[in-house]
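Heads up, the thing below is written out as structure tokens.
The values are calculated or read from the model by the stated rules, or taken from the named source; none is laboratory data. Quick caveat: nothing in here was measured; it's all calculated off a predicted structure. Cβ coordinates were reconstructed from backbone atoms using ideal geometry, including for glycine residues, and neighbour counts include every protein chain displayed. These area figures cover heavy atoms from the full protein model, side chains too; ligands, DNA and RNA do not enter into them. Shrake-Rupley method; radii C 1.70, N 1.55, O 1.52, S 1.80 Å.
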Amino acid sequence: MPTVPVIPSVWPSSSEWFFLSPVLLMAFWGVLVLMLDVLVLRNRTLLSTRAKWLGLTSLVGALAALGLAVGLLWPGVLATDVLSANEEFFNGTIAFDAASALLQVVGIGFLVLVIGLSMTWVFTNEQGEYYALLFWSAVGMILMIEAEEFMTLFVALETMTISIYILTGLETGSKRSSEAALKYLIYGSAASALFLFGLSWVYGLTGTTRLAAVGRALVESRTVEGIGGQWTSGLALLLVLAGFGFKVASVPFHQWTPDVYEGAPAPVTAWIASGSKFASFIAMIKVLMLALGTWSVDTGHLQSPGWVVILSILAAVSMTYGNLAALGQQNFKRMLAYSSIAHSGYLLVGVVAIGVSSQRTEATGAVLYYLCTYGLATLGTFAVAAWLAHDVGSDQIDDLNGLGFRRPVPAFCLAILLLSLIGVPPLAGFFGKMLMFMEALNAGGNGGIALTWLVVVALLNSVVSAFYYVRVLKALYLRQPGPAIGKSFPSGVIWTLVIAAVATVGFGLNPTALLDPLGGAGISLLTSPEPASSGRPVDSNGITQSATVPENPAQTQVPVAPAPSASAR
Amino acid sequence: MSQDVPLNWYLIVAACVFVIGLFGVMTRRNPIAVLMSIELMLNASNLNILAFWRLGTPNPGEAPLTGVVFTALVIAVAAAEVAVGIALILVCYRVWKSADVDRYDSMLG
């Protein structure tokens, strides 16, 4: 055991703090909203007044964070040479690059829409806590997108999920809300524990927690005898995939999805389906590509088929199960929950395409495009689900009957979003699916693994999914108006619907407007940071190399039980 | 160093604790017992990380305290998770007057 050297403090520079300013603002604003509620408003004002003021304060904070995040993208604000992949920024824990700068704008944009939707109804007495937790879950989400290191990733992921557990259970007087929260917590923490056990093995096999360094160590282990554990690396891979599979609601880990989507307050459901899924998929792509890229196919060091094959099977099963289960649903929120499982399947096809494609950045751009447009479409449809739940007092698809005649604007927007979710040509959902499936097909053409069967399954599933979406469309336009249609739409719902529908049509007619910047983000998302210590005697933490290299030969033993050199010792 | 417990022993104990925790999560019906099982799984990971940090091969250029910091963060996260978990169990207990996950079934289908 070498003595622990003193680490010279590497305090982040001002431009690094500036880069994090949207996140820091949101973390601070959560405290501010909570304090405003506890110290000023609670017990002095009516619940509706309190809710209005806290909602407005939160909206201002979220818009300010969005402004800061957009400002960071402005040419010249951050020098382009600063925005390069480098392990020196934040000591290599947070990606300081173009992808983070762009994707955090999308994440905060989702937050703004969710806050706007939450202000429409008062469904909880704990208004201060509600908005504070929304902010903090957004903080976790964005740090998760930006994480370049397993500890940061794990803590950010838990910040996001634990906040969302509480948000799920916050609806006052709702039995289903508490039940959904407890189920979410039990499934979620079990999945986190699986994920963490996998991470501990990855750490043990490579000796580091940084994504890029893990990737380098695993590449070396293919040639250097010893470090690549046999079945342990397969086990680690499966456990990591289980953790991500839970977060994105893919099939063997999907059981929580319908109950949580149905029981949670509808704005929170919209947040889980858009924000949480967005962040989880990006973190998944980063971990699989930067750190575990070597394990994409069986390398002989891995007693497992590799994550490309595993994820292809999960994708096919998720799509099929989600769509078939959605067919039988009468409950609008539950139908959307099963359709979200199916969409996770489509997105997994995209992730697999990134893994095998020769044009990885294009494939990444396609997945990011799908994530953005799918998030917007889900926010819009859940806005309608929220209106049904709170103003009509029901969850059934039949209660949408005849909406197209009485409320033409919201019904038309909802119809556009549903058509986009099916994948009808001029809309964004079509281009997202087309781009991802094209990348999956191209990968097979270049001598990679043929994904044709997967694309065929995905296309068949798109046809199946049309049946249940069209059932909603039929209710909107072909049935006689029911009694619930007299209710008017609050402005928060209209705004969310119109923004989502306009974006869906706009990005559908002009996909390059979104695809070009996201393709650029894909490049920097997949660029491994260069080791900061190259060519220097002192590494990024200022520790001399000799201090970290163990002197005791016992420490250089292979850390894996069945490895031959360990038994030889 | 040669008198130390070998790394493999730690890993075997951690794997056993993890499997016991996983078994508990899947079989116990009392939510508090489920939370305890999840704690076992998290602590198995902690044991793994610390054993790897103390006895494994560090990556060149790795900071000296990675494993300890990781474990401290995991302990903090686990405490937060349990605090939220107990609160939610209390809420559900007040509604159903029972601590049995199988009876929390207002949503099916």
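Tabulated data
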read-out: Evaluation of A:S358 against (1) open to solvent by less than 10 Å² (accessible area, probe 1.4 Å); (2) not in a helix (DSSP H, G or I) (one fails), failing number; value: (1)
read-out: Of all residues in the range B:1-16 being of a type in the set (A, V, I, L, M) and within 10 Å of chain A (Cβ to nearest Cβ), the one that is farthest from A:I186 (Cα to Cα); value: B:M1
read-out: Positions within the range A:191-216 being without any contact (Cβ under 8 Å) to a residue 12 or more places away in the chain and part of a helix (DSSP H, G or I), in sequence order; value: A:A193, A:S200
read-out: Residues of the range A:59-89 that turn out to be modelled with pLDDT under 75 and assigned to a helix (DSSP H, G or I), as a count; value: 1
read-out: Any hit, the range A:405-425, residues being assigned to a helix (DSSP H, G or I) and touching a Pro at 6+ places or on another chain (Cβ under 8 Å); value: yes
read-out: In the range A:191-218, residue surrounded by the fewest Cβ atoms within 10 Å (Cβ to Cβ) [restricted to those that are over 20 Å from A:G243 (Cα atoms) and at the interface with another protein chain (Cβ under 8 Å from one of its Cβ atoms)]; value: A:G207
read-out: Verdict on B:L35 being touching a Gly at 6+ places or on another chain (Cβ under 7 Å), in a helix (DSSP H, G or I), more than 7 Å from every other protein chain (Cβ to nearest Cβ) and in contact (Cβ under 8 Å) with a residue 24 or more places away in the chain; value: yes
read-out: Hits in the range B:74-104 - residues which are more than 7 Å from every other protein chain (Cβ to nearest Cβ), free of Cβ contacts under 8 Å to residues at least 12 places away in the same chain and not basic (K, R); value: B:A76, B:A79, B:A83, B:A87, B:L90, B:Y93, B:W96, B:S98
read-out: Residue match in the range A:340-352 (condition: within 28 Å of A:L414 (Cα to Cα), of a type in the set (S, T, N, Q) and in a helix (DSSP H, G or I)); value: yes
read-out: Every pair of residues 6+ apart whose Cβ atoms lie under 7 Å, when the first sits in the range A:489-505 and is modelled with pLDDT of 90 or more while the second is outside any helix (DSSP H, G or I) and of a type in the set (A, V, I, L, M); value: A:T504/A:L427; A:V505/A:L427
read-out: Subset of the range A:330-372 (residues that are within 18 Å of A:A273 (Cα to Cα), more than 15 Å from the chain's Cα centre (by Cα) and not aliphatic (A, V, I, L, M)); value: A:N331, A:F332, A:K333, A:R334, A:Y338, A:S339
read-out: Selection count, the range A:14-45, where residues are open to solvent by 50 Å² or more (accessible area, probe 1.4 Å) and among the small types (G, A, S); value: 1
read-out: Evaluation of A:K183 against (1) open to solvent by 10 Å² or more (accessible area, probe 1.4 Å); (2) away from every other protein chain (no Cβ under 12 Å) (one fails), failing number; value: (2)
read-out: Unique match (being assigned to a helix (DSSP H, G or I), over 30 Å from A:Q329 (Cα atoms) and hydrophobic (A, V, I, L, M, F, W, C)) among B:V95, B:V91, B:V77; value: B:V77
read-out: The lone exception for A:L347 - which of (1) under 19 Å from A:M289 (Cβ atoms); (2) modelled with pLDDT under 85; (3) open to solvent by less than 10 Å² (accessible area, probe 1.4 Å) it fails; value: (2)
read-out: Condition met for A:E129 (in contact (Cβ under 8 Å) with a residue 60 or more places away in the chain, within 13 Å of chain B (Cβ to nearest Cβ) and part of a loop (DSSP other than H, G, I, E, B)); value: no
read-out: Exclusive hit being modelled with pLDDT of 90 or more and among the polar types (S, T, N, Q), set A:S137, A:S100; value: A:S137
read-out: Restricting the range A:28-58 to residues that are of a type in the set (S, T, N, Q) and at pLDDT 90 or above, the residue that is farthest from the chain's Cα centre (by Cα); value: A:T57
read-out: Filter pass, B:I49 being at negative phi and touching a Phe, Trp or Tyr at 6+ places or on another chain (Cβ under 8 Å); value: yes
read-out: A:G173, sole failed condition from (1) more than 7 Å from chain B (Cβ to nearest Cβ); (2) out of contact with any strand residue (DSSP E or B) (no Cβ under 6 Å at 6 or more places or on another chain); (3) assigned to a helix (DSSP H, G or I); value: (3)
read-out: Which listed residue is farther than 19 Å from A:V392 by Cβ and among the β-branched types (V, I, T), from A:V493, A:V502, A:V472; value: A:V502
read-out: Selected residue [open to solvent by less than 40 Å² (accessible area, probe 1.4 Å), modelled with pLDDT under 85, within 7 Å of another protein chain (Cβ to nearest Cβ) and closer than 24 Å to A:I164 by Cβ] from B:M107, B:M41; value: B:M107
read-out: Flag for A:L157 being under 15 Å from the mean Cα position of the chain (by Cα) and assigned to a helix (DSSP H, G or I); value: yes
read-out: Cross-chain or 6+ apart pairs with Cβ under 6 Å, the range B:52-73 first and on the phi > 0 side of the Ramachandran plot and at the interface with another protein chain (Cβ under 7 Å from one of its Cβ atoms), then in a loop (DSSP other than H, G, I, E, B) and crowded, with 22+ Cβ neighbours inside 10 Å; value: B:G61/A:D539
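So that you can scan it fast, the table gives a plain yes or no per residue for (1) at pLDDT below 85; (2) surrounded by 24 or more Cβ atoms within 10 Å (Cβ to Cβ); (3) closer than 29 Å to A:M438 by Cα:
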residue	(1), (2), (3)
A:V351	no, yes, yes
A:V367	no, yes, yes
A:Y370	no, yes, yes
A:L403	yes, yes, no
A:A411	no, no, no
